[in-house]
Structures are given as C-alpha cells and as structure tokens.
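Read the structure below first, then the notes.
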There are 2 protein chains.
Amino acid sequence: MYKAPVDEIAFTLKHVAGMAEALEQGRLGDLSDDLVDAILHEAGRFASDEVAPLAEIGDKQGARMVDGKVLVPDGWAELYRHWAEGGWNALVAPEEFGGQGLPHMLNVAALEMWNSGSMAFALGPTLTMGASEALGTHGSAALKEKFLHKMVSGEWTASMNLTEPHAGSDLGVMKSRAERRDDGSYRIFGQKIFITWGEHEVTENIVHLVLARLPDAPAGTRGISLFLVPKFLVNDDGTLGARNDLHCHSLEHKLGIHGSPTCTMIYGDGKFGDEPGAIGYLIGEENKGLACMFTMMNNARLAVGMQGVAICEAATQKAVAYARERTQGKAPGWTGSGMSPIIEHPDVARTLVTMKALTQGSRAICYACAHAIDMSHHTEGEEAKKWAERGALLTPIAKSFATDAGVDVASMGIQVHGGMGFIEETGAARYLRDARIAPIYEGTNGIQAADLVTRKLPLSDGAQVRGFIGELKEIARAVRGSNLEGFGETADRLDASLADLEQATEWLLAELAAGNAAAALSGATPYQRLFGLALTGVYLAKGALADEEHGRDNRLALCRFAAENMIAETAALKDRVINGAASLTAARVLLG
Amino acid sequence: MYKAPVDEIAFTLKHVAGMAEALEQGRLGDLSDDLVDAILHEAGRFASDEVAPLAEIGDKQGARMVDGKVLVPDGWAELYRHWAEGGWNALVAPEEFGGQGLPHMLNVAALEMWNSGSMAFALGPTLTMGASEALGTHGSAALKEKFLHKMVSGEWTASMNLTEPHAGSDLGVMKSRAERRDDGSYRIFGQKIFITWGEHEVTENIVHLVLARLPDAPAGTRGISLFLVPKFLVNDDGTLGARNDLHCHSLEHKLGIHGSPTCTMIYGDGKFGDEPGAIGYLIGEENKGLACMFTMMNNARLAVGMQGVAICEAATQKAVAYARERTQGKAPGWTGSGMSPIIEHPDVARTLVTMKALTQGSRAICYACAHAIDMSHHTEGEEAKKWAERGALLTPIAKSFATDAGVDVASMGIQVHGGMGFIEETGAARYLRDARIAPIYEGTNGIQAADLVTRKLPLSDGAQVRGFIGELKEIARAVRGSNLEGFGETADRLDASLADLEQATEWLLAELAAGNAAAALSGATPYQRLFGLALTGVYLAKGALADEEHGRDNRLALCRFAAENMIAETAALKDRVINGAASLTAARVLLG
C-alpha cells in the first residue's frame, strides 16, 4: 500500500525547487519551515491512510449511473467530506473567501500525495480548485460572494465544461450557445463531453463553469464566453433554489480513473424548469471566456503533471516492494541460500532505478514550476515577469514529461511484477490504466510541445530560456567543482546534455525567427523530451549537492545513474530536432 | 476495422526476410510463389472478415465461468471451428499427421494476421501449435498416433502447463509431482497457474502438456519431466473415455486478452475418477522435460513476437484512419477550408510514421527469424548449424523488440485518438491492454536479454553474431552504393548504428570471456534494444532497395524517417551497455 514519501517531498520542495531560499528571503509571507512540514505530514497521512485504502474499490466499482443518479464508489462520499473538512480544498485560495493563501508549491505537493492515493478521487477536488481560481480571478464581486465561499470550503464541487464532440483541442469551433436575458443572466444550450465529476450526489450543489458562444459573437476562439451555471440555483440568502436546466446524460466507460464520473452534460434541453435553457452568469467579459480559462490553465496543466508524478511514485513503491519479496532464480553474485529476490537481478534493478529517477526528476520539474508561479505572485516588476515566464516555460515540460513518465513507469511496474502484473487484483495494472489519460487531457502532450516551442521559447525574445539554461549550467559547474567521487561522470554528462539543449534551443529560435514554424513544430516533441531529460539530470544533481546533512549517498547514486544511464538520449533527441524535419516531411507520402 | 495488409506481408516475407531467394533455390520443397500468395490472401481474409469482427465482444464479454463451466465469448466457438476446418492449425505440422509441412514463415505471417484480428482468440491456436510441436518431436509413436492427428486438425486444443505460484521464470523450483504406475502411465498432482485456454467447451477434448517432478528426480531444472494429460482419456479406438482427474479451479481477471481463458488448473485432487491423480503419459525421457520444452521455445517466443507485430499493425491502422477523419485546428501550411485533419499536424504525423516504422521493423525482424528457422530445417551440416544459430540469435530480439513495440505503438495509438482513445468503445485502449502481456510471458523481455547476451552472443565463439553484423553492413554498403536520393542520410545513419552494435557486441563478448557476467547482464536490455533498432534501420533499407518494381517512394521515405529520426538512439544505448554498469551497481544502495 502507498505510503506518502513526505520527507522526500519536503526535501525536493525546499532544496531542489527553491522553497528554502524563498522562505529565508521571507518571500512566502508568514509561512515557516515547521508549518510546511506539518502540512505535508498531515496531507501525507490523509493520502496514505484515508485515500489509498479506497482506491481499489473505486477502480473496481467505478462511478455508475443508477436510476438516473450518478453514484461514486462506496466510501468515497464520506472520504470527500473528510477531505473538505480537513480544509484541504482551501490551501491556496484567498483568505477573504475562507482560503489559507498558501503557496502553490504546498498545494501541488499535497495533490501529488492524494493522486498517489487515488488519481480518480483526487481529480474531483483538482477541478474544483481550478474553477475556484477562474472564478476568483475573473468573477464579479457578487458572483464570488454567492459561490466562491462554498467552492473554497469544498461544500460544493465544480466542473469545467470545455470539450464538445467536435471541439477538443480546438475550442474555436464549439457550438454551445448562450442567450442574453433582460435580468442580466443568460440561458445556456448545448452538449459538453468528458466532464470530470460533472454530476454526483456527494455535495448538495455543483458549480459548472461552461464555455459557450453568444449569438453575435465573433467566429473562433475570440467569440467564446465563460458562464457559471449551478446545478441548483442559489437564492440571495444562500439557500438552494430550483433545479437548473442541465443534467448528466451518460457516463463514459473508460480505460482508467473508473471512480471519477466522466459525464456527457446536456444544458438547456428543457428537462428542468419552465422554459428550456440553463440559467448562467457571465464570468469576466463577453467573448473573453478563453482568456479567463487561460489564467488557470498553467495551474491545471501543472496539476495534471502532478498526476504523472503521483503515479510514478505509487507504481515505483509497489514494484520495489514486490521485487524485494518475490524470489526467482539466482542473480549473478548471489550468495544467499535458495533463490534471489528478483531485485538482485541486474535487469530488474535497472528498471527500478530508472523508475526512481523518472519519479524524482518529474517531481523536481513540477515543483520548480510551482515555485516559479509562487515567486511570480510574491515579487514585482521585472522580477515578477521573469518568474511568470519561468512558470510559463516550465509548465508544458512539467505536464508532458511527468505524464509520459507516469505511463512509462506504470508500464515498467507491471513488467517488474511479471505475470502477476497483468492480473487486476495485483493493482499494478490500475496505475497504467489511470496514468494513460494524463498525456491527453488539459492539452495533449503534442500540444504542450507546440506551446513550448512556439509560445514559450520566444518569451522575452529568447532571453527567458537562455537565462534558464545559464542557471542550469551553473549547477553543472557546481557538480564539477564539488569533486565528489560519487558523482562519477555526472559533470561531463550534464555538460553534454545542456549543450544539446542549448543547440536545439538556438536552432528552434532561429527557425521561428525565420518564419519556419513548420520546421520548428516538426521537432517540438523531441525537444520537449530533451528539455525534461536535461532537467532531470540537473535537478537530481542539485539535490545531491544540497544534501550534505543527510549523508548524500543515495542522491549521488541516483543522480549518477541518471547521468550515466539515461540522459545520453539527449544527443539523439537534439539530432531529431535539428535534422528530423526533412525526413518527416518526406514521410508524409505514407499518410495518404 | 482491421484489414490484413497481405501485400505488405508478402513483400516482407519474400524480399526482406529471404523467402524469395529460398524459393528460387528450391529450398522450400514444392512451395511456389503463387501458393504463398494464395495462402496469405486466404489467411488475411479470415483474419479481417471473421476474426476481427468478434474481437470487441470477446474483450467486453470475456471468458467466464458459469456453473463450473468455462465459456468463451459469444461466437468464438463457431469461429474456432471455422478456423480449424480451414486447416489453419495444420500449416507447419508434419504431413503424416495431417499437416501441410509448410515453412514457419508462412505460419508466422498468418499468426500475425489472426492476432491483429484478435490476440485473445489467436492465443488458443498458438498454444495448440506449440504443444503439437513438442509432442511431434519428443512423443512416442503410440502417443503421437493417439493424440497428434486431432491436435493437428484442431479437433482438440492443447495447453502448456509450466507456471506455478512460486515457479515462473525459474521452473526449477516447481512442486507438481508425478508418480509412476505399473502400467507405464503416471499420476500427476499439483496446481498450475496462468494456463492459457486451459479449459473451455469449444472442443470435446483438451490435451494438457504438464511439467512435473518424479519422486526420485534430481533437484532443479534437471529433475523435471513432461507429461501428456488429456481432459478426457482416449480409448484405443480413438473414442473418448472417462474424465481425467483435473479441472479448472478459477479464471484470472486480467488487464487484457479478456476473451482468452487464463486458468488455474488443479491436477489430481480426486475430483474425478476412482483414485486421486490425473493420468498422464510421459513425453520424451524422464527428467528431460525441460529439454523437450526448449525445442519448441524458440517458436513459441517468436509466436509471441508476432503478437507484438500484430498489435502494432492493427493499432497503426486504427490511428491512421482516425487521424485522417478527425479535424482539429489548422496545421502549418494548411490551405484547405476549415480545420485540418489532425494527420496534417507535424506531431501527429511524427507519431504515425514512428508507429509505421516500428511495425514494419518488428515484422521484418520476426520474419527473418522464421526464415532462419526454416532454413535450418532445409539445409544440412554447417549451413544448417549457421541457420539454427541465426534463428537462436534472432529469437530474443524478435520476441522483445516486437512486444515492446506493441506496447509503445498501442500507447501512441491511444494518444493519436486524444480523449476518444481513453474511451473503451473506441477500441484503441484494448490494443494496449492486450499488448501489455506480451513482454511478460514466454520469458520476460529481461530474460530474453539475458538469453541474448549470455547464450546467443557466444554461439560459435561469437562467429555467428559477427557474421550476421557483417551481412548487415553489406546492406548498408548497398544503400550507399545505390545513390538513391530518397535515402537522404540513411547510409551514414546505418553505418553509425551498426558501428554502435559492433562495439557493444565486442565489449560484451570480451566481458563474457573475462567471466564478468554481471557486467554483461547489466547492459543486456539496452543491448537488446540497440540490436532491434539497428535491424529496423537495415531491414527497412533492404526493403527499399528491393522494391524497384512497385515504385519505391514509400519504402524510401519510411526507411529515411527511421534512419534520421529513430535509430540515432543506438549511440546512447551503446553507452549504457559499455559504461552503465558502474552506476547501476552504485545505485543498488537505493533498493534496500
């Protein structure tokens, strides 16, 4: 069973991602080191002791529709209430609405642990947090007063309604429509699909954030508005009123995250109320709905990255435990009696250490991204801009590298279990089934790569990414200067991978400057992976450099393994970025 | 829906794997080019029109136990009978038992297509073929006369009973036992798990091949004997007699291949018959059971490799079809009206072409392996030895590279489908669920790597692998000599990957010669992948060189893409082989 690695998480937050420095500099308000530890321990306890034990029934039973009602798995409603009562929904929310105003870093660390416990469960709260952020940033005072308190407390959950059957990655073509009413409200009509936690009986109300198009809206993404559409209308005294004209038509039958209800939602077909049309309230300005969504997009993408980290951690723990207990054959050099634990076989050991390095690398990247977002909120002027850009640059890497790692590590975890890995009762297969959605939603990893290359590299005319690579090189230099034997050839390997990163980056910036977007996009996915691998090497090294007090052997060993057995792939990836476009273009002939 | 790529398969068999040359030289008996085509077309028709349409219900309904009976999915019993009536079970079997004595190459090509149609369905026949081979090679004349005809015809199916809860990869510790009886028969007692198609009602009898230990057997793998244990005893006139004392205790609940019953089998607990003990007949000699199994192991491993190829092909077809139809956004350079088909987006195109290259590379490797096995049967003396070694060398690569590709390609297929890929009704997720077992069974891919490095590289003191690499270099030279513009930088890339292969091979041979098995094993898995990637590049090039008559643009384009966008990874893999062991050893500290 999953046990939250609280100490490892705390170390990574503080000494790799930058929290210790920020705390020292007083950048994070009253937050103290002790409070950080206390929050992490309690979030970890909740994840290990309360969430994880309900993951298996959640998967097996799944969310289901019975007599028109959407039911979550047995025990989940109570679990959710415990979770909300613990104040966990409110960590980062503003204090005026009952939040605790804590840094995002703490929230993503907690999200990691809950997602390790059960990704399907943690998904619901993740959506509520995102919706709260969008409402808090763009909603009118009246709207916030009426809805945000209960969203922050978790008394009501929220959903995000973007996707339609023909509008997924491209929201510009959505058909859901909104009509203005004289009282300032709107009526919403349309169908939305893949709506996570769109309907359930866990809370007495659900707040839907819905994108729709006004009759006179411009075509495309500039004609989309964002509406708050509650399941039950809310009276001025805060009590619940009539049922709004929306409902869940059906649930999807999915590969994984079975416990999470994925709903097809129908708005305004007249099922409820006097006249057809779901009553909605505008958030922000008309036709600026997508911009409102984008303010929370970075955080939502990072939250999905945390799902990847979470699966990595949980799958690795499970595989290591199995490989220690399962005996089979005799490993080279085994002198014990009988068969060796399979962890002694070099191939199994290689797999497990690779899983650990991907877990820790993904975690560090995601936490560093959260740190940048936090710093952008706690600094001003040029410094705030630098940190905001850093967060923007890291977001697609965090989302894609960690979610790809989630799939790969979960698959490796099955392999370590041998035939038992393929049996559902073992639980290793669930991690792969759950993990597989994360590279897809909140923008596929291909879209992340396009975003990274075409929008993030050009930030500040390339100065952001160049400055960042410069900082990474400083760490590589510190590795060389440390003369720690345990690093092996790490310094050389980091230098090589950062040179690959630099060359690929400069090539892409030059292609973009020359207007060759197609050539740049051809190499976007290999570039994104290159960046993630290079960061993995550097961040593992940073952790090893920082860990003097704990005896750093483990960190040195993991870093050295990543340096000498994993990151050399950056050379081939750079080659694909720079030299791959011509053959990809030529190969279009194969695709008809 | 899957459509068997008969022409592509025929081309690869003939012009990449070596069948055309073998036919010309009269090495394959009376077999003619026309007959090859006719068999492939008919096997393809059966796969596309009869197997594939029943795959989805097979997955959804699954094999299940009802009132103690194991039921296969609706329609599968009739499908199996059609398949057996078509003579498909008999392709490679000896003519004296009703077989057609055709080359393995044809059989693996047919297996690929049936597995593309439904891997869970094709699994049953695959096991029967393996058991028939073991019985045909090692069984007594009387035993063969009594059982083999009906196994070859497919009138009875067969199962292979090796695994026990504590004996998976290491069969030496199995506990199932056999007792001698005065009439020359044996009584079998024990429990076997993960028995594919171990029980069903599709045929009136099932022939179990069971490994067990005699009371006076030596410890370990040298004390295991192989027994034929029929579900129903067979009278001397061929009619069925009493029910034997064996039964299926339960079915596994698996990640994939749901339609295939995976049974826990109990032998000799007294459920049937007068006295406890399932009646069994010795195959081969006492205590030589594992040797009997090994004669069919190469073919069984290759058959699993074909499952990987099969999933690659089917998942790629599905993803390409979806990417042509689904429109979203505007790709760079898109001049059509409205949104582009997603196949126009560079990242999606890269994914699809990678899927195609992995499919075709895996197919070529597996067919080349089958060709070597065939040639070893149709040649003599040193030549036969060379071909047998070639088959032995290629087998672990075929099994591992193709099954890893199956998982990767199926996962990419889901990604291409976006959110729809995660919905089970779409069918893309089934490929991943089915594919995930193939890297595990018939020897995990880690065990294949250990076999490749420690047993196959040393064949003929390294002359086999060195000779093979020499042949591969000839093809690379021919690419350079062809001066075909469409090859781009293929010649350089092939040279580089073959140099990596050669250096890694020599390093491993030197370590083995020096007695450093642990160091060699540390790099076994990267080496295995290196070999597969290098072969992919070379075989794609060989196909392009050979395809003058069809206009070779497509083959050149695919080869060039693989050369310039995929195989450069061999440099990093070589590095892991040669330089990776020290850091892996250091990282053991992390595994407790």
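Observations on the structure shown:
- Pick from the stretch A:321-336, criterion of a type in the set (Gly, Ala, Ser) and at the interface with chain B (Cβ under 9 Å from one of its Cβ atoms), ranking: farthest from B:Asn445 (Cα to Cα): A:Gly333
- In the set B:Arg177, B:Arg181, only one residue is open to solvent by 10 Å² or more (accessible area, probe 1.4 Å), more than 19 Å from B:His249 (Cα to Cα) and either free of Cβ contacts under 8 Å to residues at least 12 places away in the same chain or not acidic (Asp, Glu) (or both); that residue is B:Arg181.
- Search result, residues across the stretch B:125-169 that are closer than 14 Å to B:Asn205 by Cα and open to solvent by 10 Å² or more (accessible area, probe 1.4 Å): B:Lys146, B:His149, B:Lys150, B:Ser153, B:Glu155
- Complete set of residues in the stretch A:324-381 that are acidic (Asp, Glu) and farther than 26 Å from A:Leu106 by Cβ: A:Glu325, A:Glu344, A:Asp347
- Residue match in the stretch A:289-303 (condition: touching a Lys or Arg at 6+ places or on another chain (Cβ under 7 Å), open to solvent by 10 Å² or more (accessible area, probe 1.4 Å) and either in a loop (DSSP other than H, G, I, E, B) or within 14 Å of chain B (Cβ to nearest Cβ) (or both)): no
- Among the criteria (1) in a helix (DSSP H, G or I); (2) within 14 Å of another protein chain (Cβ to nearest Cβ), the one B:Ser169 does not fulfil is (1).
- Counted residues, the stretch B:342-382 - those being assigned to a helix (DSSP H, G or I) and either under 24 Å from A:Gln448 (Cβ atoms) or facing chain A (nearest Cβ under 9 Å) (or both): 16
- Inspection of the stretch B:246-266 finds a residue satisfying the criterion of being open to solvent by less than 10 Å² (accessible area, probe 1.4 Å) and free of Cβ contacts under 8 Å to residues at least 60 places away in the same chain.
- Scanning the stretch A:254-282 for residues that are touching a Pro at 6+ places or on another chain (Cβ under 9 Å), assigned to a loop (DSSP other than H, G, I, E, B) and under 23 Å from A:Ala134 (Cβ atoms) yields one hit, A:Gly268.
- Flag if B:Val70 is of a type outside the set (Gly, Ala, Ser) and in contact with an Asp or Glu (Cβ under 6 Å, 6 or more places away or on another chain): yes
- Given (1) farther than 26 Å from B:Asp408 by Cβ; (2) more than 9 Å from chain A (Cβ to nearest Cβ), number of the condition B:Ala476 does not satisfy: (1)
- Tallying residues that are at the interface with chain B (Cβ under 8 Å from one of its Cβ atoms) and either of a type in the set (Val, Ile, Thr) or over 26 Å from the mean Cα position of the chain (by Cα) (or both) within the stretch A:414-426 yields 6.
- Test for A:Met339: is it out of contact with any Pro (no Cβ under 7 Å at 6 or more places or on another chain) and more than 14 Å from chain B (Cβ to nearest Cβ): no
- Unique residue being out of contact with any His (no Cβ under 6 Å at 6 or more places or on another chain) and either crowded, with 19+ Cβ neighbours inside 10 Å or aliphatic (A, V, I, L, M) (or both) when the list is B:Glu199, B:Glu204: B:Glu199
- A residue that is touching a Lys or Arg at 6+ places or on another chain (Cβ under 9 Å), within 11 Å of chain A (Cβ to nearest Cβ) and among the acidic types (Asp, Glu) can be found somewhere in the stretch B:403-413.
- Selection within the stretch A:544-586 - touching a residue at least 12 places away in the same chain (Cβ under 8 Å), among the charged types (D, E, K, R) and either more than 7 Å from chain B (Cβ to nearest Cβ) or more than 24 Å from B:Ala582 (Cβ to Cβ) (or both): A:Asp547, A:Arg552, A:Arg555, A:Lys574, A:Arg576
- Flag if A:Ala514 is free of Cβ contacts under 8 Å to residues at least 40 places away in the same chain and not aromatic (Phe, Trp, Tyr): yes
- Residues that are hydroxyl-bearing (Ser, Thr, Tyr) and more than 11 Å from chain B (Cβ to nearest Cβ) within the stretch A:250-263 comprise A:Ser250, A:Ser260, listed in sequence order.
- Filtered by the rule that a residue be crowded, with 24+ Cβ neighbours inside 10 Å, hydrophobic (A, V, I, L, M, F, W, C) and under 29 Å from B:Pro439 (Cα atoms), the stretch B:184-194 gives a lone residue, B:Phe194.
- The lone exception for A:Ala142 - which of (1) in contact with a strand residue (DSSP E or B) (Cβ under 8 Å, 6 or more places away or on another chain); (2) outside any loop (DSSP other than H, G, I, E, B) it fails: (1)
- Criterion violated by A:Leu111 - all others in (1) under 30 Å from A:Val409 (Cα atoms); (2) of a type in the set (A, V, I, L, M, F, W, C); (3) open to solvent by 20 Å² or more (accessible area, probe 1.4 Å) satisfied: (3)
- Candidates A:Thr403, A:Thr395, A:Thr351, A:Thr426, filtered to the one that is out of contact with any Gly (no Cβ under 9 Å at 6 or more places or on another chain) and of a type in the set (Ser, Thr, Tyr): A:Thr426
- Entirely in the stretch B:24-86, the helices (runs of 4 or more DSSP H) that have 2 or more residues that are closer than 13 Å to B:His200 by Cβ: B:76-85
- Some residue of the stretch A:24-37 being modelled with pLDDT under 95 and within 16 Å of A:Tyr367 (Cα to Cα): yes
- Taken over the stretch A:200-256, the residue count meeting the criterion of being under 16 Å from A:Glu155 (Cβ atoms) and hydroxyl-bearing (Ser, Thr, Tyr) is 2.
The values are calculated or read from the model by the stated rules, or taken from the named source; none is laboratory data. Source: prediction; values computed, not measured. Here the Cβ is made from the backbone with ideal geometry for all residues, glycine too, and neighbour counts use every protein chain on show. All accessible areas refer to the heavy atoms of the entire protein, side chains included, with ligands and DNA or RNA removed. Shrake-Rupley method; radii C 1.70, N 1.55, O 1.52, S 1.80 Å.
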